[in-house]
Amino acid sequence: MRRGGFLKSGRWLAGALMLSTGSAAAEPVSFARGIAPIFQRQCVGCHKAGKAKGKYRLDTYSHAMKELVAGNLEESELYYRITTDDEDDRMPVDANPLSKQEIELIRKWIEEGAKYDAEDPETLLSSIVPMEEHPAAPESYPRSLPVTAMVFSNDGQKLFTGGYHEILVWNSADGTLLRRIANNGQRTYDLALSPDGRFLAVASGAPGQLGEIRIFETSGGSVVAAPFRGDDVALAVAFDPKGERLAFGGADGMLRVVNTKEWKEELVVRAHSDWVNAIAWDSAGHRIATASRDKSAKVFDVAAGGKRLTTFSGHSETVRGVGFHRNGNEVISCGDHGLVLRWKISNGKKSGDLAKVGGPALRMLCSESGYFVAGPKGQTVQLNLDDQKRERELVVAGERLPAIGEVVEHGSRLAVGTFDGRVVFFDLETGRRVREFVAAPGL
Amino acid sequence: MRRRIRAALLILCGSGAGLGAEIEVFPSELNLSGARGRAQIVVTEDGGNQSVDVTRSASYGVEDPEVLSVTPEGIIQPKANGETQILIGDKVVKVKVSAMDVPLPVSFRHETLPVLSRMGCSSGSCHGSPHGKGGFRLSLRAFDPVLDALTLVREEFGRRTNPIEPDKSLILLKPTTQLSHEGGKQLEKGSPEYDLLRAWIAGGAALGEESEALCTGIEIYPSSARVLKFPASDQQFAVHAKFSDGTTRDVTELAVFESSSENVATVSRTGLARGVGRGDVVIIVRYLAFIESANLTLVRDIDGFAWSNPPAANYLDELVYAKLRQLQYEAAPRSSDRTFIRRLYLDLTGLLPDAEAVQQFLADGDPHKRAKLIDVLLESESHAAFWAQKWGDLLRVSRKQIGLGPVFKLSRWLVNAVATNQSYDDFARDILTARGSSLVHPAANYYRAAGDTFDAMETSAQLFLGSRIQCAKCHNHPFERWTQNNYYGLAAFFNRVERKKTGRADELIVFASKSGEVTHPATHKTMKPWAPKAGTMNVAEGKDRREVFAKWLTKDDNPFFAQVEANRIWAHVMGRGIVEPFDDFRDTNPPTNAPLLAALAKDFVTSGYDRRHLLRTILNSNTYQATSKTTPLNKDDQRYFSHYQPRMLSAEQLVDALGSITGRPMQFAGVPASMKATELPAPDLKPHDRGKIGEIEFMKVFGQPERQTICECERGDDSSLGQALELFNGKLMHGMITHKEGRLHKWIKDGVGDDEIVKRLYEAALSRPPIERELTLHREYLADAESRNQALEDTLWMVLNKSEFLFQH
């Protein structure tokens, strides 16, 4: 159980307020606000779809109720398990028991009838727990954070990077910090700007605990929507070329698409058996390519309801980056084995070995200037847009194990984010490094 | 000022090391560096035959308490830079503390990784397994720091460490179960391990400078064997690590402790060994890739024990008795003549003695008759065949491995080796350096069964060095000092062995080529031939490297070679090796009587590796000839040879015994009808008949090995339901018992009376006549019977199902 950090977060405020009035039994306990967060945090890790210890799930209300009897504590196996002294029976297994407040809240809720106050009892708890009010970012960072997400503003003058519980907005010409957008997940894994620049979509999360897609209104920085919440990180987010839809995926292996009018879900596809690492739309906005930790890359037809068009299994390791070829018939992908491959959508067969980068290729960027693949030794390999021939390497110097967390491009500039927290700019015409700065306030 | 403090502290000294008792304090001086530089003191009181660990009852007087303090458990906690002394009785520990003003960065290699090992994170059953757990994979016990660094700091975009809020790192949240962790609670928030990991993350999760001094080895204290007597059965250990810059650091809190035998002593995370029961135990300590161990013997005064001072027949008995006396187990007296002759026959020839032989032996008045019988049996053909069969098991002599023709040739070769008492070093050399056609030179089949370099090396290591080195193929050996480098270095002796097939069936030409190297799979370095204790060796160009290996192996001072075979021979007749299993010699699996093993080995070498001599020595000892009947004072002993331990007849012995008693010996395919099971050259002479699936093979049920591996564990020694069923109503038993041409029915036809039949059955199966009560029971059964024939068959069945028959004892 997290005690210290918990108290600092705003999230506990809601719970605390509730408890302070709770004992007078004036307000009934809310499942969504009071109980679901406890289950989500303490239980769902071992009791969810796909991993249900003791064949018991706690990730939805209807599943949880299988071991609960409304109004009857004695018959509620769940209550027995969280309160028993018997070490072999007590839940959570092999860990500290739930706190007195948590047990008290659950007790009260059962006695009050174990009611459900959200819409659908089959919904995953992660979707009904209240939206996080994330803690404030530190005023100044004690250490730099790996740069794992970046996006240029549409006019190229600003660069957004993922910070610690915030998005940082930098002047891309001189590297000065312009703005700090608060109320974000702990770490940011992908950033996307809508084509009209109004919305900033953020894939974020706290590893092993929480994952989120949040939509910020770019100019004001307020949270407009949170179309996804899960129990592990969200890793990839992308607007379609017209800005009508937003696709995203992450640690749960699902591909989801929402419309950008109301941010409501249009499509959910069980895309992969492991994390979805990267997502790319084709130029018409009809198809999506995904790269996954399950070592495959796939193409789905969004227009046809998310039907899977092809699976490419030619990667023998985690696939990290993916992008459509200009011709629309092939896809280029890269992964942990360090190979950049091209393959056909029609039959899922490899059509070209494009490059070897000598170690994991963690990111791939498809832009008007070409394909850029982040290699393991601080090098970004540039491949020609038409024939994918290797054109040059842009190398980031410094640190003993240089590694790249993100690559983005605007016009004639390439920005490379490193694991040691720097953003390095390259001029694509000369191939020279032109500027770099540490993307952390206070450093 | 200091003097006054010192005086005050001395006055305050209350309990502790008794006045007048001689104490020893370790270490005598120390340099401590930084706030994490804690160190363990060990205080020992000399108790005569035993030592008494008084670390936790001693009083520690600190001259300058500003510099450091000492906990009641004897752990020094540095507080400020300076020099001072710790006073314990009349002994002094000089301590110098430095580097307290600036926080020392946590060393990834020397602190972070050891903590993860200590917590068990990188063990083979958790994240150190080949695929890790939950997507998180560490190298087994941190043998690959570079890989671990990348995994911890980089993998999945730095998922595991949080540089801004270190307490929120996944690597801390999970083992403290703040997030669900299938591995359970392995870390306590606020513990030294937690604080160290947190400090490492907060300091930037640095991987260390290239110039960092590296650990070159560790020492455990106390390292020399100690005897502890209950109730003073605790022993605190301390571990020091030496570094390449000449410094020494106490790493007791970073090392991993293990006990080789938890029912003798347990050892805590803090290095405190606590006695549980009598016996020998090895305390193993690991730090980084280094393993060291220390031996403890725990003794206790046993009520009613008085050493009976039995006579020793030879040096062997003296050494066994010394151990028994120390541990206070009673030595069992000699067995009866009847027991002895049956046991000896089974051990030396695999066969039961017939009734006449037993009678003769009993009637013989010669006081040396046992020794004479031993000599006679050692020279017998059955002995050569039966003991050749044991080597057949080890050398994988089977149709599947080497072909039918070679099976017979190699088997004859082995029989000859035993019959002529070929010296063991010649024997080993013949096998290891065998060359030529496998049809002409039977020993060359060794390299057929061991079909490639690594198989040949692993086989040779297991058979001749008693070491299961296989684990070190992919990582450093988890239980032993073998490293991966050692594995590939040893393999370099065997990689030039070439095997060529010819047109002839089952023929393989084995020869040594003049070129070829072994390369390390990860570093791609060429590995020079390496042998334990000798190190890397230079082999002259053109010389057969196997000869160099064989020469090294059979040198008189090679500690492994003689011990392994001496132990194996001991195990064959005693039922249990001094090191058990007998092909698993390692520091963490010590001999139960080290002086005994050493003496046997020395005798073996001095005799010129004469196996018959060694066998003779063992068989003539009172230890071998002891009865298997136990008393309360030795029935708990399973390891120290206080009495003979009964064991079930092996599959071959059982089949031959059944055959000789019933007069219907089992017939084997492909060999003369008269060949016994204990002479069989291989278990698979008949090719597997798919049509007869379901026909239970009697010998397999009783543990006959398939000879597809060299492990001694291939011979099953567990009892099983299948065995019980075979004995109760199996086809083989039934056939043997009821056959009209069997001995029983022949006796019936010859008009032999009931009593006489019963007597003959007992003599044949148990080497003794029935006692009055047994005879009465049998008479009653036979009198009641409707069919005499059937009742007699039942009687035979009864005798064959007696434990006394099924076991040698």
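The values are calculated or read from the model by the stated rules, or taken from the named source; none is laboratory data. Just so you know, these numbers come straight off a predicted model, no measurement behind them. Quick reminder, even Gly has a Cβ in these numbers, built from the backbone with ideal geometry, and neighbours come from all protein chains shown. To get the accessible areas, we keep the full protein, side chains included, count just its heavy atoms, and leave off ligands, DNA and RNA. Shrake-Rupley method; radii C 1.70, N 1.55, O 1.52, S 1.80 Å.
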**Asked** Which value, in debye to the nearest 20, describes the size of the charge dipole of segment B:55-147 about its Cα centre when Lys and Arg Cβ atoms bear +1, Asp and Glu Cβ atoms bear -1, and nothing else is charged?
**Response** 560 debye
**Prompt:** Taking K and R as +1 and D and E as -1, what net charge do the other residues with C-beta under 9 Å from the C-beta of B:K400 add up to?
**Reply:** +1
**Item:** Residues along segment A:71-105 losing 50 Å² or more of accessible surface when the other protein chains are present rather than the chain by itself (probe 1.4 Å)
**Value:** A:D94
**Request:** Provide the solvent-accessible area of B:H524, counting protein heavy atoms only and rolling a 1.4 Å probe, rounded to the nearest 10 Å².
**Result:** 130 Å²
**Message:** Loop-only trypsin sites (Lys or Arg not before Pro) in segment A:254-315, please: DSSP not H, G, I, E or B, and at most 11 other Cβ atoms within 10 Å.
**Reply:** A:K261, A:K264, A:R270
**Fill in**
For peptide A:136-148, the mean count of other chain Cβ atoms within 10 Å per residue Cβ is 3
**Item:** Accessible area in square angstrom per residue, segment B:430-589, 1.4 angstrom probe
**Value:** 39 Å²
**Asked** Hey, if we sort B:S467, A:S219, B:S628 by accessible area with the 1.4 Å probe, largest down, what's the order?
**Response** A:S219, B:S628, B:S467
**Prompt:** After finding the eigenvalues of the alpha carbon gyration tensor for segment A:218-314, what semi-axes result from the square roots of 5 times each, listed largest first in whole Å?
**Reply:** 22, 16, 11
**Request:** May I ask you to list the lysines whose Cα is less than 17 Å away from that of B:K525, ignoring any residue fewer than eight positions away on the same chain?
**Result:** B:K473
**Request:** Please give the net charge around B:R274, taking every other residue with its beta carbon less than 12 angstrom from that of B:R274, where Lys and Arg add +1 and Asp and Glu add -1.
**Result:** -2
**chain B: relative contact order as a whole-number percent, Cα under 8 Å and 6+ apart** = 9 percent
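Using a 1.4 Å probe on the protein heavy atoms, what percent of the accessible area of the protein assembly as shown belongs to carbon and sulfur?
Carbon-and-sulfur percentage of accessible area, whole number: 51.
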**Complete:** Between A:E429 and A:V224, the FRET efficiency computed from the C-beta separation at R0 = 25 Å comes out, to the nearest 0.05, as 0.10
**Asked** Which of the peptides A:361-369, A:379-387 is most tightly packed, and how do the rest follow, judged by the mean count of other Cβ atoms within 10 Å per residue?
**Response** A:361-369, A:379-387
**Asked** If you put +1 on each Lys and Arg Cβ and -1 on each Asp and Glu Cβ, how big is the dipole of chain B around its Cα centre, in Debye rounded to 20?
**Response** 1380 debye
**Asked** Can you list the residues of segment A:196-232 that have at least 40 square angstrom less accessible area with all protein chains present than in their chain by itself, probe 1.4 Å?
**Response** A:P207, A:Q209
**Prompt:** Considering only B:W413, B:F427, B:T453, whose Cα is most displaced toward the positive end of the charge dipole of segment B:354-473, charges sitting on Cβ of Lys, Arg (+1) and Asp, Glu (-1)?
**Reply:** B:T453
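Using the Cα centre of segment A:40-115 as the reference point, and only Cβ charges (+1 on K/R, -1 on D/E), how large is the resulting charge dipole? Debye, rounded to the nearest 20.
520 debye
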**Message:** Can you tell me the length gained on complete extension of the stretch B:N263 to B:T420, counting 0.36 nm per residue apart and subtracting the Cα distance?
**Reply:** 52.1 nm
**Prompt:** Based on DSSP H runs of at least 4 residues, each adding -39500 (n - 2.57), what is the mean residue ellipticity at 222 nm of chain B after dividing by all its residues, to the nearest 500 deg cm²/dmol?
**Reply:** -10500 deg cm²/dmol
**Fill in**
Residues hit by the 40 Å² burial cutoff in segment B:201-238, accessible area with a 1.4 Å probe, assembly against chain on its own, are B:L207
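Over segment B:217-349, give the accessible area per residue in Å² for a 1.4 Å probe, as an integer.
It amounts to 38 Å² per residue over segment B:217-349.
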**Request:** Give the angle, between 0 and 90 degrees and rounded to the nearest 10, that separates the Cα long axis of helix A:100-111 from the longest principal axis of the Cα atoms of chain A.
**Result:** 70 degrees
**Request:** Measure nothing fancy, just the Cα-based angle from helix A:11-22's long axis to the longest principal axis of chain A, in degrees from 0 to 90, nearest 10.
**Result:** 10 degrees
**Message:** Would segment B:29-126 count as rounded, prolate or oblate if I go by the C-alpha gyration tensor, calling it rounded below 1.5 in a/c and otherwise prolate when a/b exceeds b/c, oblate otherwise?
**Reply:** oblate
**Asked** To the nearest 10 square angstrom, how much accessible area does B:M666 have with a 1.4 angstrom probe?
**Response** 50 Å²
**Complete:** Counting only DSSP loop positions in segment B:743-798, the GluC sites (Glu not before Pro) whose Cβ has at most 12 other Cβ atoms within 10 Å are B:E786
**Item:** Selection from B:V758, B:Y488, B:P646 lying farthest towards where the dipole of chain B points positive, charges on Cβ
**Value:** B:Y488
**Prompt:** What's the long-distance tail for chain B, i.e. % of Cα pairs beyond 52 Å?
**Reply:** 28 percent
**Prompt:** If one takes the longest principal axis of the Cα atoms in chain B, at what angle in degrees, from 0 to 90 and to the nearest 10, does the Cα axis of helix B:315-327 lie?
**Reply:** 50 degrees
**Prompt:** Can you pull the mean other chain C-beta count within 10 Å for peptide A:38-47?
**Reply:** 2
**Complete:** Per-residue ellipticity at 222 nm attributable to helices in chain A (runs of n ≥ 4 DSSP H, -39500 (n - 2.57) apiece, nearest 500 deg cm²/dmol) works out to -3000 deg cm²/dmol
**For segment B:500-519 and segment B:557-571, distance of Cα centres in Å** = 31 Å
**Prompt:** Mind listing the phi-derived Karplus ³J(HN,Hα) values for segment B:341-357, rounded to whole Hz, using 6.51, -1.76 and 1.60 with θ = phi - 60°, and x for any glycine or proline?
**Reply:** 5, 5, 4, 5, 4, 5, 6, 8, 10, x, 10, 7, x, 7, 4, 5, 4
**Centre separation in Å (Cα based) which lies between segment A:262-285 and segment B:583-657** = 70 Å
**Prompt:** If you count the DSSP beta bridges with both ends in segment B:212-365, what percent of them are antiparallel, to the nearest 5?
**Reply:** 90 percent
**Fill in**
Scoring only Lys, Arg, Asp and Glu (+1, +1, -1, -1) among other residues with Cβ under 14 Å from the Cβ of A:G442 yields 0
**Prompt:** Hey, if we sort B:R612, B:R56, B:R325 by accessible area with the 1.4 Å probe, largest down, what's the order?
**Reply:** B:R325, B:R56, B:R612
**Message:** What figure, in Å² to the nearest 10, do you get for the accessible area of B:R616 with a 1.4 Å probe and non-protein molecules left out?
**Reply:** 70 Å²
**Surface/4 estimate of mean projected area, convex hull on alpha-carbon atoms of the protein assembly as shown, nm²** = 63.2 nm²
**Item:** Low-density loop cleavage sites - GluC sites (Glu not before Pro) in segment A:55-152, where at most 16 other Cβ are within 10 Å (DSSP)
**Value:** A:E74, A:E75, A:E87, A:E112, A:E119, A:E122, A:E133, A:E139
**Prompt:** P(r) for segment B:309-408: what percent of alpha-carbon pairs falls in each 10 Å bin, starting at zero?
**Reply:** 12, 30, 28, 21, 9, 1
**Message:** Counting protein heavy atoms only and a 1.4 angstrom probe, how many square angstrom of accessible surface do chains A and B bury in total, to the nearest 100?
**Reply:** 3100 Å²
